[in-house]
Each structure stands twice: as C-alpha cells, then as structure tokens.
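The values are calculated or read from the model by the stated rules, or taken from the named source; none is laboratory data. Just so we're clear, the structure is a prediction, and the values are computed from it rather than from any experiment. So basically every Cβ, Gly included, is an ideal-geometry build from the backbone, and we count neighbours across all protein chains shown.
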Amino acid sequence: MTRKFDLGLISTTPLHGRPSLVFESMVDRPVSHRRTVTGLLNGMPRALAAHSLRRLAREIVAARRAGLHVIFGLGGHVVKSGCAPYITKMLEFGYVSAIAMPGSTAIHDSELLLSGRTSEDVSERLGKGAYGVTDDTGMLFARAALLSKECGCGLGAAVGMILNDRCGHLRQAKESLLATAQSYRAPATIHGAIGTDTIHVHPSFDAESYGRATHDDFLLFIETLKTAAVYVNVGSAVILPEVLLKAYTALANTEKLPEDGLFTANMDMLGHYRPQQNVLTRPARASVDLRGHHEIMLPLLFCALEAEQAGELEHDE
C-alpha cells in the first residue's frame, strides 16, 4: 500500500511575522461619483498599474523641471482613438517636449486636420485598387519632402509647417500633433519605412527626397534623445522601438548617452516583443508597462500629470 505524506510534519509560522507583498494601506476604497479626478488617482491601490501610472507622472514632471526632454513615440492608433488632443495639451503645457511617429501616425494626423476624416475602409477599397491612393495626402507629403530640403529641416517639421499654413487658423489645428509641435517648436520626427505607408504608392512619391527627409528626422531624434530623461512608447509595436534602439546605440557609440539614464514606459493594449525588449528592458534604467486602451490610459495620465504638477498627487510609499 502506498504511504501518504504526513502533513503533521509541516512547520507553520504566524501571519503577523510573515514577509508579505500586499498590505491594507495599498487597498483602495469604493469611489464616490463626487470624488475629484485627483482624489480618484490618489485613491487607486498602491500596487501594479496604478502605482506605475503615478510613478510615470512623477518621472515626467521631474524631467521637465530639470530641463530634460520627455519624448513620446506615438503609433497611429493614438490618433484613430481620438487621443491626439491629450498629447497636444501635454505639448502645450510642457509635459512633453518632443514627439516621434511612424508614417501612419503622420498620415492620420494630417488627414484629420485637412478634411476632418481619416482611416479609410481598407476592405471596401482594396479589391478595387482604390486603397491608399488619396491624392491630397500623397501630394502633401511629396511637398513636405521637398520643403524639408528647402528649409533645412526634417519631414515632421515640414509637414507641420504646411498644415499650419493651410489650417493654422482653424480650431482643429490645436488638436493636430504635427501642427501643434511646429507651433511650439518642439521636435517632431517622422520615421517612414518605405513600403509601409499609403503615400509610398502615390505617383508624386519621390524616394530620394522622402528618404533624406525622414533620415534627417532620425538624426534629430538621436540628438533629442541625448538630453532626454523619459521616453514613452504609445502604441508602436515595431517601428519606433527599433528607432529607439538604433538611436540609443548611436549615442552609446559616441559616449553621449543621457547622463542619468533613461526612464521608459510602454502604453498599449497588448504586449509585444519589441517594446518589451527595445523600450522597457535594453535601454532603460527603470521602466513601467501600462496595458490598456489609449482612450482610457492617456486621459488618466494627463490628469495625473496635472495633479503632480500642482503638488496634489500623493507619492506611493
């Protein structure tokens, strides 16, 4: 007959003397609808994502008070989810001092300002050969690529100049990433991977001028990263994490890395390999990973920044 283990041999310990990871002080209380946003933020549990959100706000405000750059890398879904105005407010209030984006983000941002619409129905247009051949968009970026050479600036600044020239008088210009960044002279870089964006099949597309303009933006991104303290990747699964890694190695090679190291954050609905490795792990002195929908997380972060700036955000123990 098989012998059973005798549980009577187990030694036990008292609860009060046991090392633990969760404490009563970390637990939130039920939220009243009368509670202010700051009260909500301070009342969130002192654990996990709520702790990470408050820490990110503190890191950003501290970096800007020290005169260091805070760079937000923005995927296209930030614009498509209606969150660009939160980023432009962060630019206006000085919480964010530089933005970077792949070509898709720049396209959505530009189209939304020019016509009040973006994100065409791919399924409906693809089989007809109509997908991605919007004339206004292609011509805008072709002009911007040429303008960047004329003005000695990168692609992001050139698009911003054109948008402000055409639409700067509109209220919606304050909700455009590229128009707002150009207005505040904040570095705004577009990192176009040729073959990945609709404008690359437009008849006016010129690879030489576009390649030079987006490469100039890459060089500007490296220079900006040199004096950055915080980098936040919002919704870019591949291109921007790769851009960050190559910029970081350029600074490491020339011994010009940020003096106090880089605090990084990733904000997205899903976890992806490149943000995990190239944003949160490899270049970071410390990092936070905030999973969630942009239309929820970015408004919360903006409110947390406002509370931290006002000295009202409680510091976690």
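Does residue 196 fit the bill of being outside any helix (DSSP H, G or I) and at pLDDT 90 or above? Give the steps one after another, and end with the answer.
Values: outside any helix (DSSP H, G or I): yes; at pLDDT 90 or above: yes.
So residue 196 fits the description; yes.
Look at residue 137 and say whether it is modelled with pLDDT of 90 or more, surrounded by 23 or more Cβ atoms within 10 Å (Cβ to Cβ) and in contact with a His (Cβ under 8 Å, 6 or more places away or on another chain). Before the answer, list the steps.
Numbers: modelled with pLDDT of 90 or more: yes; surrounded by 23 or more Cβ atoms within 10 Å (Cβ to Cβ): yes; in contact with a His (Cβ under 8 Å, 6 or more places away or on another chain): yes.
For residue 137, the condition - modelled with pLDDT of 90 or more, surrounded by 23 or more Cβ atoms within 10 Å (Cβ to Cβ) and in contact with a His (Cβ under 8 Å, 6 or more places away or on another chain) - is met.
Given the condition over 25 Å from residue 211 (Cβ atoms), surrounded by fewer than 23 Cβ atoms within 10 Å (Cβ to Cβ) and either of a type in the set (S, T, N, Q) or modelled with pLDDT of 95 or more (or both), answer yes or no: does some residue in segment 112-120 qualify?
So far as segment 112-120 goes, yes, one or more of its residues are over 25 Å from residue 211 (Cβ atoms), surrounded by fewer than 23 Cβ atoms within 10 Å (Cβ to Cβ) and either of a type in the set (S, T, N, Q) or modelled with pLDDT of 95 or more (or both).
Only residues that are within 15 Å of residue 211 (Cβ to Cβ) and part of a helix (DSSP H, G or I): list them for segment 148-160, please. Steps first, please.
Filtering segment 148-160 for residues within 15 Å of residue 211 (Cβ to Cβ) gives 148-149, 154-156, 158.
Of everything in segment 148-160, those that are within 15 Å of residue 211 (Cβ to Cβ) and part of a helix (DSSP H, G or I) turn out to be 148, 149, 155, 156, 158.
Could you give me the residue pairs with C-beta distances under 7 Å whose first residue belongs to segment 273-284 and is closer than 13 Å to residue 235 by Cα, whose second residue is surrounded by 14 or more Cβ atoms within 10 Å (Cβ to Cβ) and of a type in the set (Gly, Ala, Ser) wherever it lies, and which are 6+ apart or on separate chains?
As it stands, the answer is 274/237; 275/237, since those pairs meet every condition given.
Can you list residue pairs whose Cβ atoms sit under 9 Å apart, with the first residue in segment 58-77 being assigned to a helix (DSSP H, G or I) and the second being of a type in the set (D, E, K, R)? Count only pairs 6 or more apart in sequence or on different chains.
Qualifying pairs under 9 Å: 58/308; 60/308; 61/308; 62/308; 76/109; 77/268.
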